[in-house]
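Inspection log for the structure reproduced underneath, given as structure tokens.
The values are calculated or read from the model by the stated rules, or taken from the named source; none is laboratory data. Treat the numbers as computed from the prediction; the structure is a model and nothing was measured. Glycine also receives a Cβ, built like all others from the backbone with ideal geometry; neighbour counts cover every protein chain displayed.
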Amino acid sequence: MILSKAFDKFVEETPVCVMIRGSLEFALSDQFINQIFETTAQRQYTRELLFSDVVDVMGSVVFQVFPSVNAAYQKQQDRFTVSRRALYDKINLIEPGVTRQLVVETSRRMAPVVRSLRRMFKGQDLLPGFRVRILDGNHLAASEHRIQELRDIAAGPLPGQTLVVFDPDTRLVVDAFPCQDGHAQERSLLMEVLDSMQAGEVWMGDRNFCTSLFLFQTAANDAYFVIRQHATNVRWEAAGPHRKVGRTETGMVYQQRVDLIDDWGHRLKVRRITIKLDQPTEDGQTEIHILTNLPNRVKATRIAEAYRGRWKLEAAFGELATALHCEIGSLGYPPAALFAFGIGLVAYNILSVVRTALAAAHGASCLDDISAYYVADEMRGMMRGMMVAIGTDRWQRQFGKLSARQMANLLVALAQRVKLERFRKHRRGPKKPRPKRTRFKGKSHVSTARILAESRGKDSYLQ
């Protein structure tokens, strides 16, 4: 018996769900969440409806335990002392700063657990000796036209966007910068990012973030950057020869010393790393240029390989879209839509912790071989039963007061019971080229059975 008799059946049948629910309780205990709201909110305040209740409702929607906020309220109406309208009013006014702090504080809560787990299988860092931060933006999809002011608008209403900061070593989203203006340029949010930087960090991003302001200020913060060069945004002059330095899996690597020049004539000495690709990118480019101020002891080939690690954040966005329901079309008010996406980021971190625990129990390959979709599907299939069978107070007693090391050990004990084949990804082979569709051009439709019968020389499909 790992936990107690109340948990035994679920531990036996669905240990992954116990891992997720326990991790949620560890990271999102009511007291912890309510404290975040009390110390961060500037305009909202608590009367009858606790912020922890709002987070719980939105979390059940993001994990698709319930299809909508309305359904979650309907099924759990007895727990609320406020009306449905009051719940929506609270969600619609959640301040972006509260959403950001929720992501930051919960990731800090989970990071020591992940570090304990990674020590069990000696996880490799992207750039050993450095704290890497991958920066990328996510624009929320257009919402429905439910708000009165949107009813007669033909265009898709964008409820906002978020700059996301990802730690590729712990595979946690460690910060988020929500913006209610869906049309705002990502670069307009960079000042907030710069204010959050810590000395010694390595910031990695695509060419959208290649601006003089970002590069010069990152260096001024005693931090480092690995940014893909934009063709026109930054002025530079060669300060050394362009020479070959090695090779990576994707192509030959070259390096050159250059000076970056800002609008006031200030200069910053950096390295310009060029990767001549064996295969062109999707947009046909055969070379990638990277600007970095990392010290010389970090080889250009190592930096080029590390830059490929950016796909981990793009993969996280993909999993948010397929495994979780964090872009909720019915939430048209920007604060509500951004809050739902923030809960999605927290949910992604929970799934990431579970996969790291599986890696500690079964091997490092689990980090990339386990499907977040199948894990989340298991969760939404069992959660309602777990909510009925095991009360919230029992989860709090079992997981709420554990130390990071105790939590890591418990997750590994649960992970050892997981049948991995139920959650492995099914990797498809290379896509076949689409054939030209030239047959029956003059017809609006054909009989599939007749086509199959003709192809196979028999009439079995017509019987």
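Here is how the numbers come out for the structure above:
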quantity: Members of the stretch 391-444 found to be under 30 Å from D30 (Cβ atoms) and among the aromatic types (F, W, Y), listed by number; calculated: W395, F399, F423
quantity: Yes/no for A337 being under 30 Å from G156 (Cβ atoms), touching a Pro at 6+ places or on another chain (Cβ under 8 Å) and surrounded by 24 or more Cβ atoms within 10 Å (Cβ to Cβ); calculated: yes
quantity: Matching residues in the stretch 25-41 - criterion: being out of contact with any helix residue (DSSP H, G or I) (no Cβ under 6 Å at 6 or more places or on another chain) and under 23 Å from A323 (Cβ atoms); calculated: L28
quantity: Single unsatisfied condition, R417 versus (1) assigned to a helix (DSSP H, G or I); (2) in the same structural domain as T106 (by TED's automatic domain parsing); calculated: (1)
quantity: V298 surrounded by fewer than 20 Cβ atoms within 10 Å (Cβ to Cβ) and more than 20 Å from G182 (Cβ to Cβ); calculated: yes
quantity: Some residue of the stretch 351-373 being within 30 Å of A86 (Cα to Cα), assigned to a helix (DSSP H, G or I) and among the aliphatic types (A, V, I, L, M); calculated: no
quantity: Subset of the stretch 64-98 [under 19 Å from P159 (Cβ atoms) and of a type in the set (F, W, Y)]; calculated: Y88
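Rundown of residues vs (1) touching a Ser or Thr at 6+ places or on another chain (Cβ under 7 Å); (2) outside any loop (DSSP other than H, G, I, E, B); (3) buried (at least 17 other Cβ atoms within 10 Å of the Cβ), yes/no style:
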| position | (1), (2), (3) |
| --- | --- |
| A154 | no, no, no |
| V174 | yes, yes, yes |
| F177 | yes, yes, yes |
| G182 | no, no, yes |
| L189 | no, yes, yes |
| D195 | no, yes, no |
| N208 | no, yes, yes |
| T218 | no, yes, yes |
